[in-house]
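The values are calculated or read from the model by the stated rules, or taken from the named source; none is laboratory data. Note that the structure is predicted; figures quoted are calculated from it, not measured. Here the Cβ is made from the backbone with ideal geometry for all residues, glycine too, and neighbour counts use every protein chain on show. Side chains are part of the model used for accessible areas, which takes the heavy atoms of the whole protein and leaves out ligands, DNA and RNA. Shrake-Rupley method; radii C 1.70, N 1.55, O 1.52, S 1.80 Å.
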Amino acid sequence: MKKKHFILLAALVMAISVALTACSEQAEEEEVVEEENYTPVEVCTTESRDINYEVSFSGTILPNEEIFVVPKAAGTVTAVNFELGDNVNKGDVLFTIEKDDISNSVAQAKNGVSLAQKGVAQAENALESAKINYDLNKEKIESAILNYERVETLYNVGAASKAELEQAEIGANEKNLDALQSSVTQAEIALDQSLNQLTQAQLSYEQASSGLDNTSVKAPMTGILSALNVKAGQIAATGQQAATIVDVSRVYVEINVVENIVNDIKEGDNIQLDIPSASLSDITSTVSYVSPSADPMNKLYTVKSYVDNTNSLIRPGMNANATIVLESSQDAVVIPSNSIINKDDKQFVYVVEDDIAVEKEIQIGIDTGEYAEIISGLNFDESIITTGQFYVSDGARVKVVVRGECS
C-alpha cells in the first residue's frame, strides 16, 4: 500500500515539474517574440546646409580671335620671315612676294598717267583756242551783220548796188558763227574725254602701286602663327589662305545645351571649368554669351565663357569640363533623395520618434538626384529613415541600427 502511494506521489511531482517547465518555456518564447517584434532601420539627422543643382557639359577651347591672312597680290614668294607657332606682332612682315612684274606694271601705269596728263593739256589748249577763235570771229560776224543791215537799207532806197548788198550778205552769214560754236563744243567734249582718261590712268597707277605695297604681306594682329601655307619659291595667289593668326591671350569655352535648360542659363551665371590637358581645375568664370537661337544642324544652343590665358597653358582645341549651377538654396533642410517615398503623387518620409516610425508628408525644392531640399514638412535635427523605410508603416516599432548625418 505504501509502495503504491509512493509511486502516485512521484508521478504527480513529475507531472507538475513537466507542467512548470512547459510554462516557463512558453513564457520565454513569448518574451522573445515580443522583443523581436520591430524593424531594424538606418537613419540620418537632418541638418542645415547649402544645396546646388548643377549640370555638367563637355566643351571645346577656342581662341578669342582668329584671322586668316590672304595675300592681295599674286606672285612668287621670295622670303618667309616666320615659322609655324611663332609669336607675331601687328604689322610684322610675314612673307614677301616677287616685285619685278608688279614694278613693271607700276611703271607702265605711271607712264599712262603722264600720257593722259599731256592729253588733258592738249585738250585744254584746243578748247582755249576754239574759244578765242569764236570770240574773235563773233565780233566780225556781228559787225558784218550790222553792215549788211545798213547796206540793205541803202539798197532799198537805191543808194547801194545789188553787188554791194550781195557782198555784205556773204560776211553776215550766221552759219559761220554756229560752226565756230560747234568747234568750242567739240573741244569741250574732247577735254572731258581726256580728263576721264586721266582719271582711269591715275586709278590704274594707284592699283598698281597698292599691288607693290601688297607684296609685303603683314600680320593684321598680334598673336600666334597657327597655320602657314606658303614657302619660298611657291606661287601665292589672291584668295588663297596663306596663314592663320590666333589670339590666345584670352580664350573661351564653347558648350552646347539642350532646349529644356537653355532658359535656366543667363549671362553672368557662374561656371566652373576643368581643363585636364592643361592640368587646370576649378577655374571660376562666368557665362559670357547664350545663343538666342539653336544651331539648325544639331538643334543645340551655344554657350560661351571666356578665360584669361596669360600663361598660355590653355590651347585652342583642348577639351574642357564645364559645370553650371542652375539652382541654389542656402541653409536648407537637406536629406538623401533615396529616403523619399512617392505615393499618390505625394512625397513622404518616415522619421523615428521614440522608436516609432512616423509618416510625414513633405514638399521638395531642389533635387540633385542625390540630395533633396525640403521646403516644408521637416525641421532640423529630425531622424529620417534612409534604409528600411519601405518595410515600415506609420506607427510601426523600429530599432535604429545605424545613425549618421544626412549629408
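Of note:
- Only one entry of Thr286, Thr215, Thr222 meets the criterion of being closer than 30 Å to Ser105 by Cβ and either out of contact with any Leu (no Cβ under 9 Å at 6 or more places or on another chain) or among the basic types (Lys, Arg) (or both), and that entry is Thr215.
Okay, residues lined up against (1) farther than 30 Å from Glu405 by Cα; (2) open to solvent by less than 50 Å² (accessible area, probe 1.4 Å); (3) not charged (D, E, K, R):
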| position | (1), (2), (3) |
| --- | --- |
| Ser288 | yes, yes, yes |
| Ser293 | yes, no, yes |
| Leu300 | yes, yes, yes |
| Val307 | yes, yes, yes |
| Ser312 | yes, no, yes |
| Gln330 | no, no, yes |
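- Condition met for Val349 (more than 22 Å from Ser56 (Cα to Cα), part of a strand (DSSP E or B), modelled with pLDDT of 95 or more and in contact with a strand residue (DSSP E or B) (Cβ under 8 Å, 6 or more places away or on another chain)): yes
- Residue check: Asn260 meets all listed conditions (1) exposed (fewer than 15 other Cβ atoms within 10 Å of the Cβ); (2) in contact (Cβ under 8 Å) with a residue 40 or more places away in the chain but one, namely (2).
- Any pair with Cβ under 8 angstrom, 6 or more apart, that starts in segment 378-399 at a residue that is more than 12 Å from Thr39 (Cα to Cα) and ends at one that is outside any helix (DSSP H, G or I) and basic (Lys, Arg): Leu378/Lys360; Ser383/Arg403
- Remark: Lys360 matches the filter, which requires a residue to be in contact with a Gly (Cβ under 8 Å, 6 or more places away or on another chain), open to solvent by 30 Å² or more (accessible area, probe 1.4 Å) and assigned to a strand (DSSP E or B).
- Scan segment 190-236 for residues that are out of contact with any helix residue (DSSP H, G or I) (no Cβ under 9 Å at 6 or more places or on another chain), touching a residue at least 24 places away in the same chain (Cβ under 8 Å) and either surrounded by 13 or more Cβ atoms within 10 Å (Cβ to Cβ) or farther than 19 Å from Pro71 by Cα (or both) and the total you get is 17.
- Note on segment 78-104: residues that are open to solvent by less than 60 Å² (accessible area, probe 1.4 Å) and either polar (S, T, N, Q) or farther than 30 Å from Asn311 by Cα (or both) amount to 5.
- Qualifying positions in segment 376-403 - in a strand (DSSP E or B) and under 16 Å from Ser337 (Cβ atoms): Ile384, Ile385, Thr386, Thr387
- Residues being under 30 Å from Ala187 (Cβ atoms), modelled with pLDDT under 75 and of a type outside the set (D, E, K, R) - total across segment 137-176: 12
- Residue match in segment 273-293 (condition: within 30 Å of Asp92 (Cα to Cα) and without any contact (Cβ under 8 Å) to a residue 60 or more places away in the chain): yes
- Filtered residue count, segment 275-319, keeping only those that are under 18 Å from Ser249 (Cα atoms), assigned to a loop (DSSP other than H, G, I, E, B) and within 20 Å of the chain's Cα centre (by Cα): 7
Matching residues to (1) among the hydrophobic types (A, V, I, L, M, F, W, C); (2) within 27 Å of the chain's Cα centre (by Cα); (3) not in a strand (DSSP E or B):
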{"site": "Asp50", "(1), (2), (3)": "no, no, no"}
{"site": "Glu54", "(1), (2), (3)": "no, yes, no"}
{"site": "Phe57", "(1), (2), (3)": "yes, yes, no"}
{"site": "Ile67", "(1), (2), (3)": "yes, yes, no"}
{"site": "Ala73", "(1), (2), (3)": "yes, no, yes"}
{"site": "Ala79", "(1), (2), (3)": "yes, no, no"}
{"site": "Gly85", "(1), (2), (3)": "no, yes, yes"}
{"site": "Leu94", "(1), (2), (3)": "yes, no, no"}
